[in-house]
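The values are calculated or read from the model by the stated rules, or taken from the named source; none is laboratory data. If you're wondering where the values come from, they're calculated on a predicted model, not measured in any experiment. Here Cβ is always computed from backbone atoms with ideal geometry, including for glycine, and neighbour counts include all displayed protein chains. Keep in mind that these areas ignore ligands, DNA and RNA; they rest on the heavy atoms of the full protein, side chains included. Shrake-Rupley method; radii C 1.70, N 1.55, O 1.52, S 1.80 Å.
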Amino acid sequence: MKVFNTLTRQKEEFKPLTPGQIKMYVCGPTVYNYIHIGNARSVIAFDVIRRYFEYRGYQVKYVSNFTDVDDKMINEARTEGTTVPKLADKFIKAYLEDTAALNVEPATLHPRATHEIKEIIAFIQTLLDKGYAYVESGNVFYRAAKFPHYGQLSGQNIDQLEEGASEHISAEEQAQKEDPIDFALWKTQKEPDEIAWDSPWGKGRPGWHIECSVMATKYLGETIDIHGGGEDLEFPHHENEIAQSEAKTGQKFVDYWLHNGFVTVGAEAEKMSKSLHNFVTVREALQTIDPQVLRFFMASVQYRRQLNFSDDNLQQAKTAVDRFKNVLQTAAFRLQDQTAAKADPAMHELLSQTKRDFEAAMDDDFNVQNALTALYSLVTSMNEHLQKPQIDKEFVQAFSQQLQTWLGIFGLEFSTNDQAGDAKIEALVKERDEARAQKDWAKSDQLRDQLQAMGIKLQDTPQGTRWTKLED
RNA sequence: GGCGGUGUAGCCAAGUGGUAAGGCAGAGGUCUGCAAAACCUUAAUCGUCGGUUCGAAUCCGAUCCCCGCCUCCA
């Protein structure tokens, strides 16, 4: 398998530290709000990657954190008249609900920054002892220039960074630093009612970057296989994580850095973000969009590519989802009929070929577009086969299982037994069949309308009438 | 200003030297009592200019557009 490593800017053969096992850390959300489509894209991108590794037989230990204390948490808690921990609880719960609705596999572990304060303090102390950090007015800063590879991940040149210093940091804080590129490991308490913990440097709270270094190394080890996140985290967040972790352990922190592309909106294809006020929360989106469609929409584009959130693209995703659902339902329907089966070796070979194509595509840095192309091709052949009077039942069975396994990697799961007995519906369908047999089209159409009103869609086939429940 | 990404048919998109996959939409057709679903057919010389080569979307140079990051951000 090959994965694109941000650290080297090229695709590299993937080799885990321990054969058969993968240690993977993905930066989670700051829980001060409901997650939006852009956040979900990242979660889903790495969910697909994780599921493919698992499909490939790896045992994946997947850690994703919750950032449950920072400036935004503190401000939002004040605005809402609540406390930071209560705010965090509320939005962690919402996060788990929203991602479950999108069929995201829960992480092996979901650690919270505020539950790791002791470890964070110890970690910072080590950096101080080693001379990589310094205390100033109750704050602790990381001495970035002391770390030899600072800027490597993002390709940033330290001298250029100084010139481009942005205005997101207060003048007061900048003035306290030895160097503008230094960043906070520990922030002193500003207001008496502000959430804070005791530390050797006074009351305060952790800086943003330190928590990920602490949790990743604590739960996965000093060196981990994969670290993921949105590409906006490359700098400074991940750059700082490397600086902190490697300064402390003296070991390489991460072998493969993976970053997902953004969700964009509108004709301008602007990044969806909270600061631009152009975001849609997952909750809002699910009011009008089928969860499977939203899920597939985000899973069906390669993780590094930008994804434009538009009605047109969602419609395309819906068409694809319906197509997969339809072929599986048709297969299930044909497996029920008693028509004599007929072996078809060519179809078995087709399934093997699809497997090779699918895996070759996914092995190439999760090229889901090519993987899906293999599946579309298989589905077309399958639809053709399913129209024949005699089908290869063993193959249809194998096809059905295999396709569902593959779709499962993208997070699609269908129930194909909509046909399960509903006596009332069965009776109406049968009544209509009888009307059709007598060419009583008026009655037949009236019954179809009646079933339609009940949310039942009919399809007349040579093997009999097939019905499915319409989506709501 | 620095760093990075991107530009392929109306839309999504594959493709890193050998003469443009696939999907959606559109058009036509087959099947069907009608419908649904399905199947078949059908479109682009690859941002622009120049170069290398027998041959380039693919390599080199220049140039333009768009997007992102440069300590809030998935």
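Here is the list for segment A:222-322: trypsin sites (Lys or Arg not before Pro) lying in DSSP coil, each with at most 14 other C-beta atoms within 10 angstrom of its C-beta, are A:Lys252, A:Lys274, A:Arg305. Overall shape: oblate for segment A:423-469, with the ratio a/c of the largest to smallest alpha carbon gyration tensor axis at 1.5 or above and b/c at least equal to a/b. Between A:Glu13 and A:Asn370, what's the calculated FRET efficiency when r is the beta-carbon distance and R0 is 25 Å? Round to 0.05. That pair, A:Glu13 with A:Asn370, gives E of 0.85. A Förster distance of 56 Å, applied to the separation of the beta-carbon atoms of A:Glu172 and A:Gln401, puts the FRET efficiency at 0.35. Between the residues A:His385, A:Met362, A:Ala77, the greatest Cα displacement towards the positive end of the dipole of chain A, with unit charges on the Cβ of Lys, Arg, Asp and Glu, is found for A:His385.
Work through the residues other than A:Gln397 whose Cβ is under 13 Å from its Cβ and net out their charges, Lys, Arg +1 and Asp, Glu -1. Summing Lys and Arg as +1 and Asp and Glu as -1 gives -1.
For segment A:244-402, just say rounded, prolate or oblate: build the C-alpha gyration tensor, square-root its eigenvalues into a ≥ b ≥ c, call rounded for a/c under 1.5, and beyond that prolate if a/b exceeds b/c, oblate if not. Verdict is oblate for segment A:244-402. Note on A:Ala346 and A:Ile425: the model spin-label points, each 7 Å out from Cα along the C-beta direction, lie 3.6 nm apart.
Relative to the current alpha-carbon distance between A:Lys218 and A:Lys252, full extension at 0.36 nm per residue lengthens the span by 10.8 nm. Computed with a 1.4 Å probe over protein heavy atoms only, the accessible surface of segment A:2-288 comes to 43 Å² per residue. Note on A:Asp179 and A:Lys130: the extension gain reaches 15.8 nm, defined as 0.36 nm multiplied by sequence separation minus the Cα-Cα distance. Share of carbon and sulfur in the accessible area of chain A stands at 48%, probe radius 1.4 Å. Full extension of the chain between A:Thr461 and A:Ser415 yields a length gain of 14.5 nm, computed as 0.36 nm times the residue separation minus the alpha carbon distance. Principal semi-axes of the equivalent ellipsoid, √(5λ) from the alpha carbon gyration tensor of chain A, are 52, 25, 18 Å from largest down. Once each of the GluC sites (Glu not before Pro) sitting in a DSSP loop with at most 10 other beta-carbon atoms within 10 Å is removed, chain A keeps A:269-472 as its longest stretch. Applying 1/(1 + (r/R0)^6) with R0 = 25 Å to the Cβ-Cβ distance of A:Glu54 and A:Lys469, what FRET efficiency is obtained, to the nearest 0.05? Efficiency, from the Cβ-Cβ distance: 0.20.
Note on chain A: helix-only mean residue ellipticity at 222 nm, from DSSP H runs of 4+ residues weighted -39500 (n - 2.57) and normalised by residue number, equals -15000 deg cm²/dmol.
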